[in-house]
Amino acid sequence: MTAPLLDVSNLTIRFPTGTPVADLGFAVGEGETVAVVGESGSGKSLTALAIMRLLPRTARTTSGGIRFQGRDLLALPEPEMRRVRGRKIAMIFQEPMTSLNPVLTIGKQIAEVLRLHEGLSSEAARKRSIQLLDLVRVADPHLRVDDFPHRLSGGMRQRAMIAMAVACGPKLLIADEPTTALDVTIQAQVLDLLDRLRRELGMALVLITHDLGIVGQWADRVVVMYAGRGAEEADATRLLDDPLHPYTRGLLAASPRLDARLHYTAGPLREIPGSIASALGEPGCPFVPRCPMALPTCRTKPPPLEEIRPGRLIACPPTLALERADAAAVGR
Amino acid sequence: MLEGRRLLRVLRRTVIQAVPTILGIVILNFLLLKLAPGDAADVMAGEFGAATEETMAMLRQRFGLDVPVLQQLLAYLSNLAQFSLGQSPRYGMPVSELIGQRLPSTLMLMGMALAIAFGLGIALGTAMALTAGRWPDRLLSVVSLIFYSVPGFWIGLMLIVLFSVKLGWLPSGGQETIGAGLTGFDYILDRLKHMILPATSLALFYVAIYGRLTRAAVLEVASQDYVRTAAAKGLPPLAITLRHIVRNALLPVTTLAGIHLGGILGGAVVVETVYSWPGLGRLAFESVMRRDFNVLLGVLLLSSFLVIIANTLVDLLHAWLDPRVEVR
C-alpha cells in the first residue's frame, strides 16, 4: 500500500486554556473523500486549521505529525508552508457571506491566487478566473467576474470560494462545513459540484460536517470525532449501516433518516443525554458522562483507536470486547 | 459613464443640502457676534486713545453699525445674495479680497497637515495593531497619548526650540524666505521647509486620533473571515495586511476625517499665530480682537463651505473605497 496523501497522526492542539484536540489520527488517500463528523466543539475546524497551519497564535500543536506528500507540514518553514497553502492544499469555509473580501471584486480575489502561485499576468489571471467561474457553474462568468461579493447570493459566493480554492489545482481540498449556511437545495448542488471537481481535478477532499445526512452520499470514509478525539473510523456505508461506537449510534439515532424509518411520524427521535461540555476534565474516555455502556475502567485513561477489522477503527474497549467475543463465537 | 452620473447626483444633493445649512450658519454667527461687547468703532477709539461722541457716531454710521441688529443682518444677507462679503472697516478693502490673499496659505497648511495626519496615523495604527499587546504597541500607544494630550501651541514652541533654535534645520516662522528671490525647484523646497513645522504641530493631535482609530479598525478587520481566506491562499503577511486588512480598516478613518476638517481649521488659528503664518486662522483671530465682524463672518462662511466640500469628497471617497456604499 502506498503512503497516503495526507497522514495526520497523534495530533494534539493545546491552548493556554485547554486541549481541544488530543491524539487525533486519520489518513486521506489520493482522490478520496473523507468526512470528519462531530458536533460543535468537537475540534473539527481546529483540525482543519492545524493542517493549514492557520491556528490562532496562542495555539500550539504539541505532538504528532501532519505528513502531506511525505513532508511533515509542521516542520516546514513558514515561506515553504505558504507555497503549500492555496497551491497544494486549499480550503473553503463555512460562511460564504463573510469569507470573501467585501471591497474586492470576485475576479480580483480569484486572480490573486493565480498571480501568486502561477505567476500569471493580470490579464491571463482574469481570463483564467472567468474560466474557473464557468467551471463552478456560475452563470454569465464574464459579467460576475467584476461583481463585488455583496451582489451575489450565498450559493454563488460559495461557488466563487470554490473557484478560488481549486484555481491552482490543489491535491487536497479541505471544506469546513461548506454547506451549513446554505439552503438545502443549494447544499446538494454545492456538494455535487465539489464531488465533480474532485473527480475531474483528481484531488482528495476532506469534508468537515456535522450533518450525517450528507456523509453517506458523498464520503468514502468517515472519521467520527468526539471532544477532540477520534471515536470511530470506517467506510461511509458501513458506518451508517452498522455504527459501533455508542456515540456514533447515538448520533445516528438522533438523525432523521427516511430509509431507516427514523422520522418524526414514526415516533420521537432519540437524543444523546447531556452535552459535550461534560467531557471537560474527564480523565478517561470523554464520552463517559453520556455513555449508556460506560464501565468503571473507561474512566481511567482515554481509549486509543483500535482496529477491529481492516479499515474499521473504534475507540471503545467495551464495544471492542463485545465485537471480538461475537466474532469468536461466529468463527467457532 | 455610470460614475459620472453618480458624481452629478452627489453634487446636486450636496448643493441642495448646503444652502439652508449655510444660511443657518450665517444667521447664527451674525447674532452670536453681535452679543460680544463692543464694536469696531470702540476698538478704533481705544487705539486712538480718545474720541468724541460725534466721531464715534460718524464711524458707526460709516460702518453701518448705527442701525438695529436685525436691519444689519438683512443688509448683510442682501450683500451675500449679490455674492459680496462686504467691506472690512478696519482694512478698508473688500473682505473677499482680504480672504483671497490668505486662503491659499491656509489651504496648503491644512492639506499638508491632513496628509501627515493620515499617512502617519494609518501607518502608526497599523504598526500598533500588528504588534498588539507587545512592546512596540505599548511604546507607540504612549507616544500617541502624548500627541493627543499636549496642546498644539506647546508642541509648536517645542518643535521650534528643537529644530530651529538648537539644530537650525528648519525656519521658525513665515511661509517663505523673504527677499531670497528663489525660483523653480528651490522655491518649492523653501516653501516646503517652512511648512513642515507648522503642519506637523497641527497634525500631531490628529495623528494620535487616526492612529488609535486605525489600530482598533485593523484589529477588528484582522479577525474577519476573509482575512483567514487570504491567509489560506498562501499570501505573505504584508500582502494580507495591505490588500485585505488596511483597505477595509480605512473606512471608519475616512469618515472622521471629514468631520475633523472644521477642527483643523480651528487649530490653524493657534498654529498660524505661533509660526507667524499668514493664513486665515490668524486673520480670524485678529478680526475678533478688532471686532472686525465682516471679515470674521466671511472667514466663518468660507470655513463652513470648506467643511461641506470636504464632507462631499469624503462621501465620494467612501463610495470608491467600499462598493457596498451606494450613493443615494
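No lab work stands behind these numbers, since they all come straight from the coordinates. These numbers come from a predicted model, not from an experiment. Cβ atoms come from the backbone with ideal geometry, glycine included; neighbour counts cover every protein chain shown.
Using a simple spin-label model with points 7 Å from Cα along the Cα→Cβ vector, what separation in nm is obtained for B:Asp186 and B:Val288?
Going from the B:Asp186 label point to the B:Val288 one covers 4.1 nm.
List, in order, the whole-Hz ³J(HN,Hα) value for each residue of the range A:308-313 obtained from phi through the Karplus relation with A = 6.51, B = -1.76, C = 1.60 and θ = phi - 60°; use x for Gly and Pro.
9, 9, x, x, 10, 10
So how do B:Val10, A:Val222, B:Val325 line up by other beta-carbon neighbours within 10 Å, fewest first?
Ascending Cβ contact count within 10 Å gives the list B:Val325, B:Val10, A:Val222.
So, R0 is 30 Å and r is the distance between the beta-carbons of B:Asp42 and B:Ile309; what FRET efficiency does that work out to, to 0.05?
That gives a FRET efficiency of 0.25.
From other protein chains only, count the Cβ atoms within 10 Å of every residue's Cβ in A:102-110, then give the mean.
So the per-residue partner count for this stretch is 4.
Once whole DSSP H runs in chain A are found, which of them have Cα atoms spread over 24 Å or more along the helix axis and a mean Kyte-Doolittle score of at least -1.0?
The qualifying helices are A:184-201.
Based on the Cβ-Cβ distance from A:Leu295 to B:Ala115, what FRET efficiency comes out when R0 is 56 Å, to the nearest 0.05?
My answer for the efficiency is 0.15.
Which of the helices in chain B, when you take each full DSSP H run, stretch at least 27 Å along the axis at their Cα atoms and have an average Kyte-Doolittle score of 1.6 or higher?
Qualifying helices: B:293-321.
5 Å is the cut-off here: which amide hydrogens, built 1.01 Å from N in the peptide plane, fall below it relative to A:Gly230, excluding neighbours closer than 5 in sequence?
For A:Gly230, whose amide H was placed from the backbone, the distant partners under 5 Å are A:Gly25.
Counting each DSSP H run of 4 or more residues in chain B as -39500 (n - 2.57), what helix-only mean residue ellipticity at 222 nm follows after dividing by all residues, to the nearest 500 deg cm²/dmol?
-25000 deg cm²/dmol
Order by neighbour count: A:Ile314, B:Ile178, B:Ile160, fewest other Cβ atoms within 10 Å first, most last.
B:Ile178, B:Ile160, A:Ile314
Indicate, rounded to the nearest 5 percent, the antiparallel portion of the DSSP beta bridges found entirely in the protein assembly as shown.
Among the beta bridges of the protein assembly as shown, antiparallel pairing accounts for roughly 60 percent.
What is the range A:1-124 by shape, rounded, prolate or oblate, if you read a ≥ b ≥ c off the alpha carbon gyration tensor as root eigenvalues and call it rounded for a/c under 1.5, prolate for a/b larger than b/c, and oblate otherwise?
prolate
Around A:Val21, which amide H atoms from residues at least 5 apart in sequence, or from another chain, sit under 5 Å from its own amide H, with H modelled in the peptide plane?
Long-range HN contacts for A:Val21: A:Ile13.
Could you pull out every residue, at least 5 positions away or on a different chain, whose amide H is within less than 5 Å of the one on A:Glu95? Hs are placed 1.01 Å off N in the peptide plane, and Pro or chain starts have none.
Excluding prolines and chain starts, which carry no amide H, there are no hits.
Report, in whole Å, the centroid distance computed from the Cα atoms of the range B:152-167 and the range A:75-116.
First find each Cα centre; the distance between them is then 49 Å.
Within straight cross-link reach of A:Lys301, meaning Cα distance under 15 Å, which aspartates and glutamates are found once same-chain residues fewer than 8 apart are removed?
Cα-Cα hits under 15 Å: A:Asp23, A:Glu282.
In nanometres, what is the gap between the two model label sites at A:Leu322 and B:Ile22, each 7 Å from Cα along Cα-to-Cβ?
8.6 nm
Enumerate the calculated ³J(HN,Hα) couplings along the range A:292-306 in order (Karplus 6.51 cos²θ - 1.76 cosθ + 1.60, θ = phi - 60°), each rounded to whole Hz, writing x wherever the residue is Gly or Pro.
Values, residue by residue: x, 10, 5, 10, x, 5, 5, 8, 7, 9, x, x, x, 6, 10 Hz.
Separation of the range B:29-80 and the range B:263-290 by C-alpha centroid, Å?
Going from one Cα centre to the other spans 23 Å.
If R0 is 35 Å, what FRET efficiency do you get for B:Arg5 and B:Met93 from their C-beta distance, rounded to 0.05?
0.25
Tell me the relative contact order for the range A:156-274 as a rounded percent, counting alpha carbon contacts under 8 Å between residues six or more apart.
16 percent
Is the shape of chain A rounded, prolate or oblate, going by the alpha carbon gyration tensor and its root eigenvalues a ≥ b ≥ c, with a/c under 1.5 for rounded and a/b larger than b/c for prolate?
It is prolate, given that a/c is not under 1.5 and a/b is the larger ratio.
Extending each Cα 7 Å along its Cβ direction at B:Met158 and A:Gln189, get the distance between those two points in nm, one decimal.
Placing both labels 7 Å beyond Cα along the Cβ direction yields 6.2 nm.
Mind listing the phi-derived Karplus ³J(HN,Hα) values for the range A:20-34, rounded to whole Hz, using 6.51, -1.76 and 1.60 with θ = phi - 60°, and x for any glycine or proline?
x, 10, 9, 6, 8, x, 6, 10, 10, x, 4, x, 8, 10, 10
Sequence neighbours fewer than 8 away in the same chain don't count; with that in mind, list the lysines whose C-alpha is under 24 Å from A:Lys108.
In chain and number order, the partners are A:Lys88, A:Lys127, A:Lys171, B:Lys233.
With both partners inside chain A, how many of the DSSP beta bridges are antiparallel, as a percent to the nearest 5?
Bridges in chain A that DSSP calls antiparallel: roughly 60 percent.
Roughly how far apart, in whole Å, are the Cα centres of the range A:1-67 and the range A:194-241?
Going from one Cα centre to the other spans 15 Å.
The range A:164-253: which GluC sites (Glu not before Pro) are DSSP loop and have at most 16 other beta-carbon atoms within 10 angstrom?
Here no loop site has a sparse enough neighbourhood.
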